[in-house]
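The values are calculated or read from the model by the stated rules, or taken from the named source; none is laboratory data. Computed from a predicted model, the values in this text were never measured in an experiment. Positions of Cβ are generated from backbone atoms using ideal geometry, with glycine treated the same way; all protein chains shown enter the neighbour counts. Heavy atoms of the whole protein, side chains included, go into the accessibility calculation; ligands, DNA and RNA do not. Shrake-Rupley method; radii C 1.70, N 1.55, O 1.52, S 1.80 Å.
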Amino acid sequence: DVVATKHLIVVATSGPRGWSELVNEDGSIFFQSQNIGRMMEIVLADANRIDPPADADSDRAKLQKDDVVVCITGGRTGAVAHVRGLDEPAYVNQHVCMLRPCEQALLGRFLAYALSSREGQEQLGAATYGLKQGLGLEQLRRHVLCLPSMREQVAIVAHLDKSVANFASLINETGVAITLLQERRAALISAAVTGKIDVRNFGDMISIA
């Protein structure tokens, strides 16, 4: 089935305005766009902290396991992450939309993959407005996706998780190799300019080769 997201979620909201004044060093996590990782993960190591008021706005903005978060303003508009778990309370700010799937119909991770896919990103790109990139909550609610059965969603998520993990491993290995080559390049240059290796005949060697 092709279904609008609004029929598959129980919550679509962003954080309240004005909470930046409540930021402090010892509060709960204040989830912002920079806490959305590049691989649909949440990155909380350097998250800001907030002491939210005990009211309905706080209840509405509080993240839960299996929620999906989408950046809705700025240069990272359309960035998506899936909340696989939280060790402490966290609240979204006004620049992040929180989507909470109906657990009987939709896996949060499947929704995150759908939004992150090429087709999903094209939809989000078409829905952005104004000179400053941005998405409205209603535009996310109207986002359409192909909805397989729950059993198929589980299988698709498992397949994608495995494939993405393999890609991440390759990316890490490549990064390590690049760092090592850069270090060796720097060491070679240093050895040449300090006279530790003799390069006076290097040009003749190249000509002969």
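Quick look at the values:
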quantity: Two-decimal Rg to Rh for segment 1-115 - Kirkwood Rh, Cα set; calculated: 0.95
quantity: Surface accessible to a 1.4 Å probe, per residue, for the residues of the chain, Å²; calculated: 62 Å²
quantity: Computed over segment 44-98: relative contact order in percent, which uses C-alpha pairs under 8 Å that are six or more apart; calculated: 37 percent
quantity: Farthest toward positive dipole pole in segment 26-99 [+1 Lys/Arg, -1 Asp/Glu at C-beta], among Met39, Tyr91, Ile50; calculated: Met39
quantity: Relative contact order [Cα under 8 Å, 6+ residues apart], the chain, whole percent; calculated: 24 percent
quantity: Cα-based Rg of the chain normalised by 2.2 N^0.38 Å, two decimals; calculated: 1.40
quantity: Choice from Ser163, Ser28, Ser190 with maximal GNM fluctuation in the chain (Cα, 10 Å cutoff); calculated: Ser190
quantity: Gaussian network model of the chain, Cα within-10 Å springs - most flexible of Gly18, Gly78, Gly134; calculated: Gly18
quantity: Centre separation in Å (Cα based) which lies between segment 39-71 and segment 5-28; calculated: 6 Å
quantity: Sequence-separation-based contact order of segment 65-184, relative, with Cα cut under 8 Å and 6+ spacing, percent; calculated: 25 percent
quantity: Efficiency of FRET between Asp26 and Glu119 - r from beta-carbon atoms, R0 45 angstrom, step 0.05; calculated: 0.60
quantity: Accessible area of the chain belonging to carbon and sulfur atoms, whole % at 1.4 Å probe; calculated: 54 percent
quantity: Mean Kyte hydropathy of -1.0 or more with a Cα span along the axis of at least 30 Å, helices from DSSP in the chain; calculated: 150-193
quantity: Inter-label distance for Gln182 and Asn166, nm, one decimal - labels placed 7 Å from Cα along Cα-to-Cβ; calculated: 2.8 nm
